[in-house]
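The structure appears right after this line, and notes come after that.
The values are calculated or read from the model by the stated rules, or taken from the named source; none is laboratory data. Just so we're clear, the structure is a prediction, and the values are computed from it rather than from any experiment. All Cβ positions, glycine included, derive from the backbone under ideal geometry; neighbour counts span all protein chains shown. We work out accessible area using only protein heavy atoms, side chains counted, and drop any ligands, DNA or RNA first. Shrake-Rupley method; radii C 1.70, N 1.55, O 1.52, S 1.80 Å.
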Amino acid sequence: MALLFYHLPFLPFLFLFLHFIASHSSPTQNLNDTLSFSFPLTSLRISPDVKVQTLSSSLVAGANKHGTRRLARPNSGSYNYKTTFKYSMALIVALPIGTPPQTQQMVLDTGSQLSWIQCHKKLAKRPPPTASFDPSLSSSFSVLPCNHPLCKPRIPDFTLPTSCDQNRLCHYSYFYADGTLAEGNLVREKITFSRSQSTPPLILGCATDSSEDKGILGMNLGRFSFAYQSKISKFSYCVPTRRTKPGVSPTGSFYLGQNPNSHGFQYINLLAFPQSRTMPNMDPLAYTLPMLGIRIGAKKLAIPMHVFRPDAGGSGQTMIDSGSEFTYLVDEAYNKVREEVVRLVGPRLKKGYVYGGVADMCFDGNPVHIGRLIGDMVLEFEKGVEITVPKDRMLADVGGGVHCLGIGRSNMLGIASNIIGNFHQQNLWVEFDLANRRVGFGKADCSRAAV
């Protein structure tokens with residue numbers, strides 16, 4: 001059975017912990033703005049027996065309770081770097097970390113703030129994974145001691161999930177919503193792009209205990225994210241389609257800095273919110289888009305625009321998230337989509353079947369035929385910008401001959417937000433222009449974009 005990859009809410013104190021660290025991070029220097037760095041973004045089949053849930057500062061009720069505020073972005077970029085990435089349920093990018101660099105696989109996640117890597121854990125009875133990072137081999141690696149300000153909060157009204165370990169180092173423990181534990185030490189380390197180009201030391205998590213074999217590349221708007229600490233002005237990725245030859249992983253591209261394809265992108269401005277507004281259901285560090293509506297086939301669904309905008313409490317926020325596989329809609333929007341799907345292909349629905357507890361528009365029949373009956377789906381935004389999901393990519397293969405629409409109910413995740421996941425970002429350049437606070441989209445053959 002295929003893996004459902006999505007964010008879930010986790011302990012509120014984690015959000016507060018990251019915010020405290022962000023507010024105490026020292027500034028980093030800018031590098032040459034003219035360089036362009038790119039990486040491969042590659043598809044790796046994650047074990048079907050594991051439900052992957054990544055850290056996310058979004059989806060946390062009460063996150064604004066302690067005065068979290070949206071922070072200004074750097075005015076210029078430092079890096080231009082390109083790579084390809086692997087894509088299946090998660091977007092996997094391999095980054096060169098340390099001096100000399102060690103290649104680390106990380107989940108590209110625009111919905112979370114903390115970046116962390118898998119570190120070498122010396123156990124005589126069990127050798128470490130070959131892909132783990134060995135700190136002893138890096139001359140730029142350093143750990144944060146217990147007396148570091150990040151490990152000694154001066155905010156009296158909450159407790160941070162850090163402690164001193166037996167070596168007097170700053171230890172963290174993060175719990176996922178499903179009880180999965182990731183823990184280790186807070187450290188400083190560089191990303192080494194080339195002999196002449198690297199980031200200053202960044203604050204990362206060095207995980208020694210985690211159920212996952214890949215790290216997280218946190219890319220949201222928080223000051224503790226990789227994007228902010230590295231002072232990049234923009235980054236972009238191109239997600240390839242899943243359909244490929246047996247045994248071949250679809251490969252896309254990931255850029256840090258200027259993307260040579262951006263001249264054809266269409267941009268929409270990120271929604272901004274007053275720093276003084278307290279919205280318990282709002283993620284102030286997410287990339288919030290001004291979504292207007294949804295079309296299926298030629299029909300505009302009767303969904304009020306306010307359903308896609310945060311209300312006074314933050315419910316209804318629409319965010320784009322590379323770390324979520326499916327797209328999730330609040331009930332008022334989801335019910336209208338389902339109503340139209342039932343009208344078009346109701347008799348073919350798999351009755352009584354709910355995938356992952358969130359998606360109930362699933363089918364046993366031929367996915368190509370069902371997709372043709374449903375038609376294209378279009379997500380509408382301001383300035384006439386649209387994301388078109390063609391009919392042949394409407395359904396996701398979830399295993400066992402079952403295919404689902406790729407849309408779930410967000411309230412089944414315990415959240416009140418709309419999330420545009422990577423399943424609906426296939427064959428699409430998505431650029432996050434941090435300096436101008438906007439997101440750009442451009443149609444592409446992402447497999448070719450990786451060449």
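If I ask for residues that are open to solvent by 80 Å² or more (accessible area, probe 1.4 Å), under 20 Å from VAL389 (Cα atoms) and not in a loop (DSSP other than H, G, I, E, B), which ones from the stretch 341-368 would you list?
Across the stretch 341-368, the qualifying residue is only ARG343.
Would you pick out the residues in the stretch 283-328 that are touching a Phe, Trp or Tyr at 6+ places or on another chain (Cβ under 7 Å) and outside any strand (DSSP E or B)?
Scanning the stretch 283-328 gives PRO284, TYR287, LEU289, PRO290, GLY316, SER322, SER324, GLU325, PHE326.
What number of residues within the stretch 407-428 are hydrophobic (A, V, I, L, M, F, W, C), open to solvent by 10 Å² or more (accessible area, probe 1.4 Å) and assigned to a strand (DSSP E or B)?
Of the residues in that region, 1 qualify.
Here is a check on your reading of the model: is GLY371 open to solvent by less than 10 Å² (accessible area, probe 1.4 Å) and touching a helix residue (DSSP H, G or I) at 6+ places or on another chain (Cβ under 8 Å)?
yes
Of all residues in the stretch 256-269, count the ones that are modelled with pLDDT under 95 and open to solvent by 10 Å² or more (accessible area, probe 1.4 Å).
Looking only at that region, the number is 6.
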